[in-house]
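The values are calculated or read from the model by the stated rules, or taken from the named source; none is laboratory data. Not measured: the values here are computed from a predicted model. Positions of Cβ are generated from backbone atoms using ideal geometry, with glycine treated the same way; all protein chains shown enter the neighbour counts. All accessible areas refer to the heavy atoms of the entire protein, side chains included, with ligands and DNA or RNA removed. Shrake-Rupley method; radii C 1.70, N 1.55, O 1.52, S 1.80 Å.
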Amino acid sequence: MSRVAVFGATGFIGTACANALARAGHEVVRRPARRLRVDIDVLSRAVRGTIPPEPAGAGLDALAADLAGIEAVVNAAGVATSAATLTPALAGANAAWPRLLADACEQAGVSRLVHVSTAAVQGRASRLDESLDYAPVTPYARTKTLGEQLLRDTAERGRLAVTLYRPPSVHGWGRRMTSDFAAFCRRWPLLACDDGDQPVPVALVGNVGAALAAILAAEHAPLVVAHPSEGHTVRSLYQTFAPGRPLRCLPAPAVRALLHAAEPTGQWLAPLGALCRRAELLMLGQAQEPGWLPSVGFEPPLGRAAWDEMAAAVRAEVDPPAPPHPRSGAAQAGDEHRHAPDRVAM
């Protein structure tokens, strides 16, 4: 097995990746990412060139020296906030940093780099695939797209084997997005289009770690690797987080028209754009093409039972049992002589 440096190994996805690699027998070296601030227009102009030496190139020699003896690098660092506004920090974390890391890998003689990207780079594509066709909707997705494009240029030089791994929405206990979704499913009407049986691209964080370990286990991997479908539909995802609650189905044309009307505002108001995109996924779903991982025999090891277990834990976290109302000692003593049912706070 190899010595692998994982950048962003203390984050939600990075922790899962580092743990999966350690279980697979790799020696995992956990490293923090550099914090970069770069104007996105500068990066857009650099897509077919090189990252300017300042500020993105600062520290290249030190970073390369830090990779001495490393055989493969995993980049799980970045700003994973779908509603983030377009700032130099967002562009630096999601686009400039991956390119700087790739340059350092080349300088240090590292043979492989796996960059954790996102399926959001393809936005509203009718079917997710492993192509370089991009349609980012949010500033977050736009910066992740630039990161992929800059790494593609590195891969074309042929000195570093680059893989762009694209997981979709990643869920797990301890992630804010997951707890927010669980709270939403418990407290608001569950809406879908038509019958709710449209596929929806989601991933369990443990399966993301396993997929990344499978990529590194392969002698060769393609430039783009999409996370495989975990078999969820809009209906099954709702039922996982809110079992027993009814699903209300709406006509798809009306939902599309409403989302289309909100799109111009969402273009400049990032939180609204991200909200509309989440609503689009949850109500309309999105299909995906079978990709490279299934072709080499990989199946997500954690199935529906693991999803149910995770969702139950998150539900218990967002809906903890209410404590009993404080009562006087005399009233509590009187309760000891009654056989009434347990009190439930409403």
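Can you give the accessible area per residue of region 115-176, in Å², using a 1.4 Å probe?
On the way: 2250 Å² over 62 residues.
Here the residues of region 115-176 average 36 Å² of exposed surface.
Hey, of (i) 78, 48, 40; (ii) 74, 51, 44; (iii) 59, 42, 39, which did the structure itself give for Cα extents along the principal axes in Å when calculated?
(i)
Of the options Ala221, Pro189, Leu151, report the single residue whose Cα projects farthest towards the positive end of the charge dipole of region 149-302 (beta-carbon charges: Lys, Arg +1; Asp, Glu -1).
Pro189
Which of the peptides 126-133, 3-10, 213-220 is most tightly packed, and how do the rest follow, judged by the mean count of other Cβ atoms within 10 Å per residue?
For the peptides 126-133, 3-10, 213-220, the packing ranking is 3-10, 213-220, 126-133.
With a 1.4 Å probe and every protein chain kept in, tell me what percent of the accessible surface of the chain is carbon plus sulfur. Before the final figure, lay out each step's value.
Numbers: 9370 of 16570 Å².
Result for the chain: 57 percent of the exposed heavy-atom area is carbon or sulfur.
I'd like the distance between the alpha-carbon centres of region 109-181 and region 278-323, rounded to an integer number of Å.
Between the Cα centres of region 109-181 and region 278-323 lies a distance of 19 Å.
Give the calculated FRET efficiency between Glu317 and Leu250 to the nearest 0.05, with a Förster radius of 22 Å applied to their Cβ-Cβ distance. Write out the running numbers ahead of the final one.
Values: r = 30 Å, r/R0 = 1.35.
After rounding, the FRET efficiency stands at 0.15.
Counting only DSSP beta bridges with both residues in the chain, tell me the antiparallel percent, nearest 5. Could the numbers behind the result be given before it?
Working: 1 of 31 bridges.
If I count the DSSP bridges inside the chain, around 5 percent turn out antiparallel.
Could you state the angle between the C-alpha long axis of helix 252-268 and the longest principal axis of the C-alpha atoms of the chain, as a value from 0 to 90 degrees rounded to the nearest 10?
Helix 252-268 and the main axis of the chain meet at about 60 degrees.
Pull up all non-local amide H partners of Gly123: gap of 5 or more, or a different chain, and H-to-H distance under 5 Å with H placed in the peptide plane.
Ala135, Val137
Tell me the mean residue ellipticity at 222 nm calculated for the chain from its helices only (DSSP H runs of n ≥ 4, each -39500 (n - 2.57), averaged over every residue, nearest 500). All intermediate terms of the calculation are to be shown ahead of the outcome.
On the way: 14 runs with 151 residues, N = 346.
That comes out to -13000 deg cm²/dmol.
Given labels modelled 7 Å from the Cα in the Cβ direction, how far is it in nm from Glu156 to Arg45?
Between Glu156 and Arg45, the simple spin-label model gives 1.9 nm.
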